[in-house]
1. Work the Kirkwood hydrodynamic radius out for segment 1-90: mean of 1/r over every pair of different alpha-carbon atoms, inverted, in Å.
2. Would you work out the relative contact order for segment 30-188, in percent, from Cα pairs under 8 angstrom that are 6 or more residues apart?
3. Placing +1 at every Lys and Arg Cβ and -1 at every Asp and Glu Cβ, with all other atoms neutral, what dipole size does the chain have around its Cα centre, in debye to the nearest 20?
4. Running Debye on segment 37-135 with equal point scatterers at the Cα sites and no solvent, what base-10 log of I(q)/I(0) appears at q = 0.12, 0.16, 0.17, 0.21 Å⁻¹?
5. Counting only protein heavy atoms and using a 1.4 Å probe, what share of the accessible area of segment 33-137 belongs to carbon plus sulfur, as a whole percent?
6. Just how large is the dipole of segment 89-214 about the Cα centre, in debye to the nearest 20, putting +1 at every Lys and Arg Cβ and -1 at every Asp and Glu Cβ?
7. With N residues in the chain, what two-decimal value do you get for its Cα radius of gyration over 2.2 N^0.38 Å?
8. So, for segment 50-99, what is the accessible surface per residue at a probe of 1.4 Å, expressed in square angstrom?
Amino acid sequence: MVVLLATVVGVATTFSLGRWQLSRAAEKQALFAAVQQREQLPALDGATLARPLDEAAAAELLHRSVTLRGEWLADHTIFLDNRPMLRATGFYVFTPLRLAGTQAVVLVQRGWAPRHIAERTALPPVQTPAGEVQISGRMAAHPPRLYALGEEQGGPIRQNLDLDAFRAETGLPLANLMVLQTGAPSEGLRRDWPEPTTGVDKHYGYAFQWFGLCALIALLFLWFQVVRPFYRSRRS
């Protein structure tokens, strides 16, 4: 009786975990489809980011394409360290952009620049044009984060960048969203950003493992509790 109960619990648990992994895969596929749909919508402009956005409104703008005009605030440029691209180590470069005709400011992930091989603290030769510029990109929630030990230090080179903390540090009226700039390389920056993916393969792999374990538990129970006792009874 104990073996039967343990088998039922094991089969039910592993089967449920397998179904949960499949449901997670379905959720991510639906999310990816929504992202692709948003990317096909008409591009937003600076007026959208210039008005106050609550959390719900900001979430609706994620992944939308955007075209902005404004002026770079070069003195507040930040270089996020340990960001690879094309198998090379370097920086993600961020500069706030004051939107044309407004006081609103949006943080822009402008591109990637290589790190100096010998001098770790040397800043890459990134050009930041003066005057009004126009950029294209897509909306993003926040700068990508890496694991960091201790508190983040100030200065142009950092490990991570938090929008709220950067807003307080600079006093700039930063929008609740940032922009990932796209396009051809320019100004000493590359923009070979990875394409969004569904990430469902790992969930299918986990589901296969759980369903496989479920089947194994059931087969072992049948073999040791049903098949072997049956053959032994036939031989006796």
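The values are calculated or read from the model by the stated rules, or taken from the named source; none is laboratory data. All values derive from a computational prediction rather than experimental measurement. We place every Cβ from the backbone using ideal geometry, glycine too, and count neighbours over all the protein chains shown. We work out accessible area using only protein heavy atoms, side chains counted, and drop any ligands, DNA or RNA first. Shrake-Rupley method; radii C 1.70, N 1.55, O 1.52, S 1.80 Å.
1. When all Cα pairs of segment 1-90 are included, the Kirkwood radius is 18.6 Å.
2. Answer for segment 30-188 is 26 percent.
3. The calculation lands at about 1560 debye.
4. Calculated log10 I(q)/I(0) at the listed q: -0.49, -0.80, -0.88, -1.10.
5. 51 percent
6. 140 debye
7. Taking N as the residue count of the chain, the ratio is 1.50.
8. 49 Å²
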